[in-house]
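Each reported figure results from applying straightforward, stated rules to the coordinates on display, with no laboratory input. What you see is a predicted model, and the numbers here were worked out from it, not measured in a lab. Methodologically, a virtual Cβ is constructed for each residue, glycine included, from the backbone with ideal geometry; neighbour enumeration extends over all protein chains shown.
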Amino acid sequence: MLTVENVIPKALFAISGNVHLHESASSKDLPAAPPINIVQRDQNVYVHFVWQQNGWLGKMLSSSCRWEARVYLEQMGAGEVNNPAPVSISYKRAASAGYSGVITLPAYSLPEGAYKVVATLMLHGPQGPTPISAFEEVGLLQVYED
C-alpha cells in the first residue's frame, strides 16, 4: 500500500494504490509469476504502479502536470546500484482518476544478491515537483544465477 504525504486534506485530494513486482518467463523453463521476490538473472522484473486519485481538487490542477514513478534498488551488503530511469505518466484532470505505470528492470541488469526495493510517486506541476507524493517499500528482491 502506498504511503502518502498528507499535505492536503484527504477530502480535497487523496491518493491510494500499491506497487508490486512480477517476472518474465525464464530461459531455464521457469514460468512467469506474480508476485515475486526471488528471480534468476535471465528474467526481466516488472515493477507495476497502480493508483487512484480522488477529490475535487484533481479537476482544478493543471493538465500540464505529470506523475513521476521511480524505483530505487539498494544492494544489501555491497552498496548502491544504477537505478532505472523514472517513468512519466500524464496527469488526468478528473475528480477520480485511475493510473498505472510499469518500470522494467532488464534481465542481467542486476548482479547476484539481495536488494531492498523502494518505489516512489510524485506529482510534478508546471513549475516542478509538488508536495503531493507517495512511496512504498516493496520489500526484498533476491537475484541469483542458475
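Hey, of (1) 2, 9, 17, 20, 19, 15, 9, 5, 2, 1, 0, 0; (2) 2, 10, 18, 21, 15, 12, 9, 7, 4, 1, 0; (3) 2, 8, 15, 17, 17, 11, 8, 6, 6, 4, 3, 2, 1, 0, which did the structure itself give for P(r) over Cα pairs in 5 Å bins from 0, in percent when calculated?
The value matching this structure is (2).
For the chain, what does the helix formula give at 222 nm: sum of -39500 (n - 2.57) over DSSP H segments with n ≥ 4, over the residue count, nearest 500 deg cm²/dmol?
Estimated from H runs of four or more residues: -500 deg cm²/dmol.
Do you know the Lys pair count in the range 3-144 for C-alpha distances under 28 Å, with sequence separation 8 or more or different chains?
Going through the range 3-144 pair by pair, I get 4.
Can you work out ³J(HN,Hα) from phi for every residue in the range 61-77, in order, using Karplus 6.51 cos²θ - 1.76 cosθ + 1.60 and θ = phi - 60°, giving whole Hz and x for Gly and Pro?
Once θ is set to phi - 60°, the couplings for the range 61-77 become 6, 5, 6, 8, 6, 8, 8, 10, 9, 10, 10, 10, 10, 10, 6, 6, x Hz.
At a 10 angstrom cut-off on C-beta neighbours, averaged per residue, how do the peptides 12-19, 128-135 rank from highest to lowest?
12-19, 128-135
What is the sum of charges, Lys and Arg at +1 and Asp and Glu at -1, for the other residues whose Cβ falls under 14 Å from the Cβ of Glu112?
In short, -2.
With point charges of +1 on the Cβ of Lys and Arg and -1 on the Cβ of Asp and Glu, referenced to the Cα centre of the range 1-144, which listed residue (Ala119, Ala134, Ser64) lies farthest in the positive direction of the dipole?
Result: Ser64.
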